[in-house]
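Everything below concerns the one structure shown next.
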Amino acid sequence: MNNIQNLTRPVFPFTAIIGQEEMKLALILNVIDPKIGGVMIMGDRGTGKSTTIRAIADLLPEIEVVVDDLFNSHISNYDLMSDVTKDRINQGLKVATKFIKVPMIDLPLGATEDRLCGTIDIEKALNEGIKTFEPGLLAKANRGILYVDEVNLLDDHLVDILLDSSASGWNTVEREGISIRHPSRFVLVGSGNPEEGELRPQLLDRFGMHAEIKTVKDPSLRVKIVEQRSEFDRDPQACIDKFNNQQIQLKKNIIAAQNRLVNIAIDYSLRVKISEICSALNVDGLRGDIVTNRAAKAFAAYNGTDEVRLEDVKKVITLCLRHRLRKDPLDTIDSGTKVNKVVAEVLGDS
């Protein structure tokens, strides 16, 4: 076990990350309920965006996958299973499984559509009648996290494909009349620097949440962050051991929340209040209402309660709505002031 630890690159512990509570909460809620629709993280350079995203992936419990399956297929959930595995199970054949770490896939900025979606070997299909599929990053990301750094610099066409797969949970590749479809259910995490431009409002709206992070101004906190990072760079294993108990506890909380989620109730009057806020903010469509409901339930599950409270909605609603207020691509994203003002009017001040 120690040899394996030495071979793998050490990951900075999630619980050791100081500050950036908004980003951490958005990531935790998305791994509790991936149907929230991912998170867009915008902030200054050098604020720990990549470190935090890799840390949440490392924190998650291992998943059971079918051996020799290209898509990390689930053994019993049809929505997370490839057609090949489905056929084998339907035929009553024995299917071997193994446990792996939650996949954490990086999408490089210069990636092509084939690299993202996968390719079909047309020559082999026509000559031998065999569908040969070379999986892309969407196949490898199934049941994991797909991270796109500088998503605002990515080609709009690729962002569209990403968001479609993220929303539907499936990826379809079609070439010369030959079609292959496979599960692609993942938590989509995009990050970027607002100085380099924003995503178009139509694309931004399809991210479930939007976290805004800023450089820490407090000198004593900055010193603490630098010391923490220096400690990790000097002796990664000692730093990992130091936060081991907190990591284990957070992992338990996330698993418990995932199990509890299905039973969380949200009162009708509270749902009406959420829609009232969305309407007052002139949010287009119903995605804002749906995501806020989902996020509030995930937060209630994380807190160990069975019902969504007013405080749960207040905690998550800015993350769910602030990026849906832009009507003009030249506008900047509201930091949350407009949302907070309407929330205070509709729900009352805390």
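Filtering segment 253-304 to residues that are surrounded by 20 or more Cβ atoms within 10 Å (Cβ to Cβ) and among the hydroxyl-bearing types (Ser, Thr, Tyr) leaves Thr292, Tyr302. For segment 98-113, the criterion of being farther than 20 Å from Leu146 by Cα and not small (Gly, Ala, Ser) is met by at least one residue. For segment 146-183, a tally of residues being farther than 25 Å from Glu22 by Cβ, in contact (Cβ under 8 Å) with a residue 60 or more places away in the chain and touching a helix residue (DSSP H, G or I) at 6+ places or on another chain (Cβ under 7 Å) returns 3. The residues in segment 185-232 that are without any contact (Cβ under 8 Å) to a residue 24 or more places away in the chain and either farther than 16 Å from Lys49 by Cβ or under 22 Å from the mean Cα position of the chain (by Cα) (or both) can be counted, and the count is 11.
When each of Leu70, Leu60, Leu25 is tested for being aliphatic (A, V, I, L, M), more than 27 Å from Asn193 (Cβ to Cβ), surrounded by 13 or more Cβ atoms within 10 Å (Cβ to Cβ) and touching a helix residue (DSSP H, G or I) at 6+ places or on another chain (Cβ under 9 Å), the lone residue that passes is Leu70. Output yes when any residue across segment 171-189 is farther than 26 Å from Asp79 by Cβ and in contact with a Pro (Cβ under 8 Å, 6 or more places away or on another chain), and no when none is. Checking segment 171-189: not a single residue is farther than 26 Å from Asp79 by Cβ and in contact with a Pro (Cβ under 8 Å, 6 or more places away or on another chain).
Within segment 205-239, the only residue that satisfies the criterion of being under 30 Å from Asn293 (Cβ atoms) and surrounded by fewer than 17 Cβ atoms within 10 Å (Cβ to Cβ) is Lys214. Could you tell me whether segment 42-55 includes any residue that is surrounded by 14 or more Cβ atoms within 10 Å (Cβ to Cβ), over 23 Å from Ser168 (Cβ atoms) and touching a Gly at 6+ places or on another chain (Cβ under 7 Å)? The answer is yes, given that some residue of segment 42-55 is surrounded by 14 or more Cβ atoms within 10 Å (Cβ to Cβ), over 23 Å from Ser168 (Cβ atoms) and touching a Gly at 6+ places or on another chain (Cβ under 7 Å).
Every read-out reported here was derived from the displayed coordinates using simple, explicitly stated rules and does not represent laboratory data. This one's a predicted model, so the numbers in the text were calculated from it and none came from an experiment. As a convention, Cβ positions derive from the backbone with ideal geometry for all residues, glycine included, and neighbour counts pool all protein chains shown.
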